[in-house]
1. Can you say whether ARG139 is open to solvent by 50 Å² or more (accessible area, probe 1.4 Å), at pLDDT below 90 and not in a helix (DSSP H, G or I), as far as the supplied structure shows?
2. From the list VAL297, VAL316, VAL312, VAL334, which one is part of a helix (DSSP H, G or I), over 11 Å from the mean Cα position of the chain (by Cα) and under 25 Å from ILE12 (Cα atoms)?
3. Considering only the range 254-270, I want to know if a residue exists there that is assigned to a helix (DSSP H, G or I), touching a residue at least 12 places away in the same chain (Cβ under 8 Å), under 29 Å from VAL208 (Cα atoms) and open to solvent by 20 Å² or more (accessible area, probe 1.4 Å).
4. Mind telling me which of the residues LEU295, LEU343 ends up being in contact with a helix residue (DSSP H, G or I) (Cβ under 7 Å, 6 or more places away or on another chain), crowded, with 24+ Cβ neighbours inside 10 Å and on the phi < 0 side of the Ramachandran plot?
5. What pairs can you find where one residue is in the range 379-404 and touching a residue at least 24 places away in the same chain (Cβ under 8 Å), the other is open to solvent by less than 10 Å² (accessible area, probe 1.4 Å) and not in a helix (DSSP H, G or I), and their Cβ atoms are less than 9 Å apart, with a gap of 6+ or different chains?
6. In the range 53-75, what count of residues is obtained for those that are outside any helix (DSSP H, G or I) and open to solvent by less than 40 Å² (accessible area, probe 1.4 Å)?
7. Would a scan of the range 178-186 turn up a residue that is in a helix (DSSP H, G or I) and under 30 Å from LEU6 (Cβ atoms)?
Amino acid sequence: MNLWRLPLHWKIIIGLILGLLYGILSAAMGWSRFTEDWITPFGDIFLNLLKVIAVPLVLGSLIMGVASLSDVRKLSRIGGRTIAIYILTTTVSVTIGLVMVNLLEPGTGVPQGLQEQLQAAYQTDAESDMERAETARERGPLQVFVDMTPDNIFGALSNNGRMLQVVFFSLLFGIALVLIPSDKSKPLVDFFSGLTSVIIQIVNMIMVVAPIGVFALIAKTINQVARDDLSAVGELLGALGFYCLVVLLGLLIHGIITYPVMLKIFSNMKIGRFFRGIAPAQLLAFSSSSSGATLPVTMDVSQRNLGVSKEVSSFVLPLGATINMDGTALYQAVAAVFIAQALGLGLDMTAQLQIVLTAVLASIGTAAVPGAGIIMLIIILETIGVPAAGIALILGVDRILDMCRTAVNVTGDAAVATSVDAMEKRAANTTAATSSQTA
């Protein structure tokens, strides 16, 4: 078999499996320093290459996506549908998480001794995250709108953590291009069209080495958890295995039920084709834990494999990578109730409704980078009166769950893009049929 001719997702799967096997071997043989010095850098380089094109891709594709809509009414229709579906799916995901964690109650079985051991092991990390969360929590109710408005677009373009500001500016710029005369807007439209084409070509070049990058990223993850002690992985998963299982089961239910149902309602997309088409983006999201870094690949496979128009994908997907975090929101709901259960604190219906509202709103402002969800989790804990120091119970397995929830985030972005595209094509066909009958 010629490995070079395999589809991209199979190459990534091979890289992922080999990275997993190498990570286990590295822990068993005591190669953590070698892995850190000679394997991890390849993963970091691959991730940096994806990150460096994320901002120009969002800028160019969103501006082109808005400009190609040709009128503000069409933009309003697509934007309204997109945001409404994003909020709906996030609400469903949080609800699934709450149902699962209340039914299975994973936190009630955590022994007191284990709680103390985990809190001691991850106390430093917990304190660091709590300080960052305290800064976020002290913001006023309208601060999110202040944060999304850039005071310096060049400063925003130089920082992936300020992606929401880039999205805001791109939407504003694109709307302005629609409103000015075409002879004035054409040079800028041509520029951003060329910029987007160049970035997509860079993506194709980067993806040639994707299997190597995924191999190194998976090996790095195992090395961070286990170092030279393979038993540490087993002990950690054994201690928090039920909690992990509840999160993964919730993510699985959301991924294989909510999204297929949505696709059936809004589109004619075959479920098998959808999951085969999105597989490269899912695998890259899993290995990188960053929906922002995965965005170039998500856009590419959505257009090539799923048939989503460039017009819709250029608008819906960058927006989704910034504000749609279904997997993260579900994880936050499960984690918040798990910590409360482990600490022996009961949560009434009011507190659980607060979790739904806070998780949905927090998902909009969560940066599309690894580990950002833990900061929003602390804010949720503070909102419902659960000690934020309880995050020390789950930090040990957070990286593993981060990989899984990011894959769900990316899947949700693609599912919404496919649904919105189908609705737009159906509307266009209806308009064309009405016009022909009138003529």
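The values are calculated or read from the model by the stated rules, or taken from the named source; none is laboratory data. In this text, all values refer to a predicted model and were calculated from it rather than measured experimentally. Glycine also receives a Cβ, built like all others from the backbone with ideal geometry; neighbour counts cover every protein chain displayed. We work out accessible area using only protein heavy atoms, side chains counted, and drop any ligands, DNA or RNA first. Shrake-Rupley method; radii C 1.70, N 1.55, O 1.52, S 1.80 Å.
1. Criteria met by ARG139.
2. Details: VAL316 fails: under 25 Å from ILE12 (Cα atoms); VAL312 fails: under 25 Å from ILE12 (Cα atoms); VAL334 fails: under 25 Å from ILE12 (Cα atoms).
None of the others qualify; the one that does is VAL297.
3. No; the residues of the range 254-270 include none that is assigned to a helix (DSSP H, G or I), touching a residue at least 12 places away in the same chain (Cβ under 8 Å), under 29 Å from VAL208 (Cα atoms) and open to solvent by 20 Å² or more (accessible area, probe 1.4 Å).
4. Working: LEU343 fails: crowded, with 24+ Cβ neighbours inside 10 Å.
Testing whether each residue is in contact with a helix residue (DSSP H, G or I) (Cβ under 7 Å, 6 or more places away or on another chain), crowded, with 24+ Cβ neighbours inside 10 Å and on the phi < 0 side of the Ramachandran plot leaves just LEU295.
5. The qualifying pairs are ILE380/VAL386; ARG399/SER289; LEU401/ILE394; ASP402/SER289; MET403/SER289.
6. Taking the range 53-75 and keeping what is outside any helix (DSSP H, G or I), we get 68-71.
Next, from what is left, pick out any that are open to solvent by less than 40 Å² (accessible area, probe 1.4 Å): 69.
The number of residues fulfilling the criteria is 1.
7. We begin by selecting, within the range 178-186, every residue in a helix (DSSP H, G or I); these are 178-179, 182-186.
Checking which are under 30 Å from LEU6 (Cβ atoms) leaves us with none.
No - not one qualifying residue is present in the range 178-186.
To keep it simple, each residue is scored yes or no on (1) modelled with pLDDT under 90; (2) open to solvent by less than 10 Å² (accessible area, probe 1.4 Å); (3) under 18 Å from the mean Cα position of the chain (by Cα).
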{"site": "ILE39", "(1), (2), (3)": "no, no, no"}
{"site": "LYS51", "(1), (2), (3)": "yes, no, yes"}
{"site": "ARG77", "(1), (2), (3)": "yes, no, no"}
{"site": "ARG81", "(1), (2), (3)": "no, no, no"}
{"site": "THR89", "(1), (2), (3)": "no, yes, yes"}
